């Protein structure tokens with residue numbers, strides 16, 4: 001067994017919000033985005049005060065302990081694709097282990113990755129959950145510090161491979177919540193696949209860096225407006241959080 005190292009931010013043995021069912025979640029350290037609305041800003045830098053080096057071998061031992069209560073394993077972040085070799089090797093070991101092979105493997109990602117990264121992960125990954133911060137490239141750059149061309153390409157590519165589990169929309173008032181943006185985002189997603197699962201998440205200040213605590217939180221009315229826009233475009237699997 002190859003024990004691949006990883007810069008680890010945290011581990012949650014049981015989570016119901018990081019993919020289908022009860023999941024063991026690995027949060028890797030380091031992210032290619034610098035999002036204003038990041039709820040885990042301590043995971044953005046390549047290293048952090050709570051980060052440590054771990055390995056696939058160490059994590060597999062922890063997963064085996066929790067296995068009777070799990071549906072699967074998710075790698076999140078930070079940004080999972082920033083350490084894609086670790087993700088590939090961890091998931092390969094999960095699938096090869098007689099005790100763990102029944103567990104599903106999911107990646108939670110910002111989508112900023114090249115096709116070769118997805119190609120390396122596809123053979124060992126059951127589903128990808130991709131964040132779409134904004135359809136408009138300039139709005140996306142204001143929110144994340146980067147453009148969204150790779151993100152949109154990744155959503156299309158993973159959908160074409162039949163592994164796009166869901167697209168997540170984080171609504172940040174004043175940035176990506178205008179009626180025009182919501183309508184265009186809904187139309188883009190519906191054109192891709194009206195059956196696509198879309199999760200609408202309202203921005204909350206909890207965990208956000210002090211310099212961004214002024215950002216307004218998403219109201220229930222805004223979340224409902226987004227749901228209506230998505231439904232009006234023909235999307236039939238919209239979840240609000």
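Only the coordinates and a few stated rules stand behind these numbers; no lab work does. Please read these numbers as outputs of a predicted model, since none were measured by experiment. When we count neighbours, we look across all protein chains shown, and the Cβ atoms used for this are built from the backbone with ideal geometry, even at glycine.
For the chain, find the longest principal axis of its Cα atoms and tell me its angle to the long axis of helix 84-96, 0 to 90°, nearest 10.
Compared with the principal axis, the helix lies near 60 degrees.
Counting just the Cα atoms, what span does the stretch 1-137 cover along each of its three principal axes? Round to the nearest Å and put the largest first.
Principal axes ranked by extent give 44, 31, 28 Å for the Cα atoms.
Among bridges DSSP assigns within the chain, what percent are antiparallel (round to 5)?
In the chain, approximately 25 percent of DSSP beta bridges are antiparallel ones.
Quick one: helix 179-192 against the long Cα principal axis of the chain, what's the angle to the nearest 10°, folded into 0 to 90?
With rounding to tens, the tilt is 50 degrees.
Tell me the mean residue ellipticity at 222 nm calculated for the chain from its helices only (DSSP H runs of n ≥ 4, each -39500 (n - 2.57), averaged over every residue, nearest 500).
-10000 deg cm²/dmol
Would you give the gap between the C-alpha center of the stretch 173-202 and the C-alpha center of the stretch 1-78, rounded to a whole Å?
28 Å
Quick one: helix 220-232 against the long Cα principal axis of the chain, what's the angle to the nearest 10°, folded into 0 to 90?
Relative to the chain, helix 220-232 is tipped by roughly 90 degrees.
In the stretch 191-205, which residues have a backbone nitrogen under 11 Å from the label point lying 7 Å from residue 217's Cα in the Cα-to-Cβ direction?
Those under the cut-off are 203-205.
Run the numbers for residue 85 and residue 231: contour at 0.36 nm per residue of separation, minus the present Cα-Cα distance, in nm.
Working it through step by step, the gained length comes to 48.8 nm.
Looking at the calculated P(r) for the stretch 141-196, what percent of the C-alpha pair distances fall above 17 Å?
So the portion of pairs separated by more than 17 Å is 43 percent.
How big is the shadow of the Cα convex hull of the stretch 5-240, averaged over all directions, in nm²?
Averaged projected hull area, Cα only: 12.0 nm².
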